[in-house]
Amino acid sequence: MSGLFSGYLLDSAGFHNYEIIEANDRLGGRVHTAYFGKPSDYTYQEMGPMRFPIEWVYENKTLPVKDHQIVFQLAGELNKLNKKSYAVEFIEWFQSNPNNLLYYNGKRLPNGLVPTVSDVSANPSLTGNPSDLADESDAATAPYLTEKWMKEIGDDIYKAHDHALEEGLDDWSEWGYIHNKMGASLNATEYYTENQTGGDAGSQIFGTMYDDFTFASTKWRTIDGGLNRLPQAFGPVLGDKVTFNTKVTKISYDGEKVSLQWKKKTFDTKYESKEFENVIVAVPFSVVRTWHLPQFSYTLRKAIRELGYSQACKVALEFKTRFWEHGDRPIHGGCSSTDLPAGSVCYPSYKIGAKGKGVMLSNYASGDMGLRLASMEEKEHVALILENMVEMHGEIARDQYTGNYNRRCWILDEFQSGSWAQPSSGQHKLFMPSYFNLEHNIAFVGEHTDVKHAWISAALESSIRGVVMLLVEHGHVDEAKAIVDKWNAKWMKI
């Protein structure tokens, strides 16, 4: 998304002498909608990003989630330029439903059913989690998971990020802060990292602060027909600017020009190449670190080689009907949650109540579990997830399963080699300033170079930085300021 938007920004500023070199045979990177039939059949699931938060509540006031507005602005701009067949239209995403299931530690209701969100709200012991450890970890994280911090993030995420660095929050891992600074017990510290950071003891505090803010949102949107429609909408706009199936693996710099190099076939001894005055690299560092690169500064080199990444696996299963929408406890959208390998289980927010086949995101597991599932043989992984669905929803899941599935573990994707950036403590403080420097006429963009991670809006904001840097470098200050103004990128100071 950051590469596509970079091209769009250059075009909008009047600079058309650029190319987009794409390793894959499609647009969109980690945006990936799996269709079980034609898009118009509405049997699909998102195997990458799924949703956008739009509102949250603070002191009984409903406020907009500002940092995702760039996505809606971009969709509006593309809709003006494209035919209706490429229109990007938003529909409601149901993040939570009272009948979503919460299945932990094998705990069930007296009647044998899996507890729902409503059941657990009325009786928290139904999760089987130790309440004393939860209370202790909550007390230890109270200094940074506050309403005041949430308001600051909601007002201006970039300013809030700067403040968090100034307060020294990036100097601590969450584990170290909770145990060493706040004095929480080892069990309470482990309980928190297991439940909030996927077991990552070195996780960055600001990432959790941002997640806490985001997932407190009360209203969400998704794209009608699948998120694929957003990158596809760039197709008519960018025209013939994109060259597909060209997997760059080398970059060199001779003091004036940047040379990109690739092979046509894997074992070719000669490389194809092309020279450019400047290059914007929109490839994740998880892949760039395998390239042959020029000698960058120490800090940028460390960022490319060592920035942390999370891993996520998803499995979508197709069923003969949307059986979960029927019965005494109908589930209309939202996501169930479990400590089984399935992790999060999300139900379609589109066409609720429709007849015919339905597709459930039956497995969304990140962190360590995402890696373990990726190592499984594909059919064994799918069979395991089907068993999880039977355990949660009953034998109806097995009876209704059509045998069709889609599996995507992003660590196995040659173009991503991971899911989203997940920096360790200190990595933002050290690495972020290096992204604001052009080295060897190269700018790096992507969600991994933004202050938040995993979201499309982060990728888009990074594109503004990359393009503005190039424009200013070449003296096009007015054009750079116009981009900053149009896209409300007040965090960019020119």
Does the range 79-95 contain any residue that is surrounded by 15 or more Cβ atoms within 10 Å (Cβ to Cβ), hydroxyl-bearing (Ser, Thr, Tyr) and more than 29 Å from LEU230 (Cα to Cα)?
no
Taking the range 230-269 on its own, how many of its residues are assigned to a helix (DSSP H, G or I) and under 17 Å from ILE280 (Cβ atoms)?
4
Here's a check for you: in the range 358-383, which residue that is surrounded by 16 or more Cβ atoms within 10 Å (Cβ to Cβ) and out of contact with any helix residue (DSSP H, G or I) (no Cβ under 8 Å at 6 or more places or on another chain) is farthest from LEU227 (Cα to Cα)?
MET369
Apart from one, (1) modelled with pLDDT under 95; (2) under 26 Å from the mean Cα position of the chain (by Cα) all hold for GLY168; the odd one out is (1)
For the range 243-285: of the residues being of a type in the set (Val, Ile, Thr) and surrounded by fewer than 17 Cβ atoms within 10 Å (Cβ to Cβ), which is farthest from ILE20 (Cα to Cα)?
THR269
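Here are ASN111, ASN105, ASN17: which of them is of a type outside the set (Ser, Thr, Tyr), assigned to a loop (DSSP other than H, G, I, E, B), in the same structural domain as PRO284 (by TED's automatic domain parsing) and surrounded by fewer than 14 Cβ atoms within 10 Å (Cβ to Cβ)? Step through it out loud before you land on a result.
Numbers: ASN111 fails: in the same structural domain as PRO284 (by TED's automatic domain parsing); ASN105 fails: in the same structural domain as PRO284 (by TED's automatic domain parsing).
Criteria check complete, one pass: ASN17.
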If you take the residues of the range 321-357 that are among the hydroxyl-bearing types (Ser, Thr, Tyr) and closer than 17 Å to HIS393 by Cβ, which of them is surrounded by the most Cβ atoms within 10 Å (Cβ to Cβ)?
SER336
Between residues in the range 37-66 that are at pLDDT below 95 and residues that are surrounded by fewer than 21 Cβ atoms within 10 Å (Cβ to Cβ), which pairs lie under 6 Å by C-beta distance while being six or more apart or on different chains?
PRO39/GLY225
Just one of the numbered conditions (1) touching a residue at least 24 places away in the same chain (Cβ under 8 Å); (2) over 18 Å from GLU439 (Cα atoms) is not true of VAL258; which one?
(2)
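Against the definition (charged (D, E, K, R), over 25 Å from PRO284 (Cβ atoms) and in contact with a Lys or Arg (Cβ under 9 Å, 6 or more places away or on another chain)), how does GLU59 come out, yes or no? Step through it out loud before you land on a result.
Numbers: charged (D, E, K, R): yes; over 25 Å from PRO284 (Cβ atoms): yes; in contact with a Lys or Arg (Cβ under 9 Å, 6 or more places away or on another chain): yes.
Here the answer is yes, as GLU59 does meet what is asked.
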Determine if the range 78-89 includes at least one residue that is farther than 28 Å from VAL31 by Cα and of a type in the set (D, E, K, R).
no
What number goes with the only condition from (1) buried (at least 22 other Cβ atoms within 10 Å of the Cβ); (2) modelled with pLDDT under 95 that LEU238 does not pass?
(1)
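Out of SER131, SER185, I need the residue that is at pLDDT 95 or above, surrounded by fewer than 19 Cβ atoms within 10 Å (Cβ to Cβ) and either over 30 Å from VAL390 (Cα atoms) or of a type in the set (Ser, Thr, Tyr) (or both). Which one?
Exactly one residue qualifies, and that residue is SER185.
The values are calculated or read from the model by the stated rules, or taken from the named source; none is laboratory data. A quick note: this is a predicted structure, and the numbers were derived from the prediction, not measured. All Cβ positions, glycine included, derive from the backbone under ideal geometry; neighbour counts span all protein chains shown.
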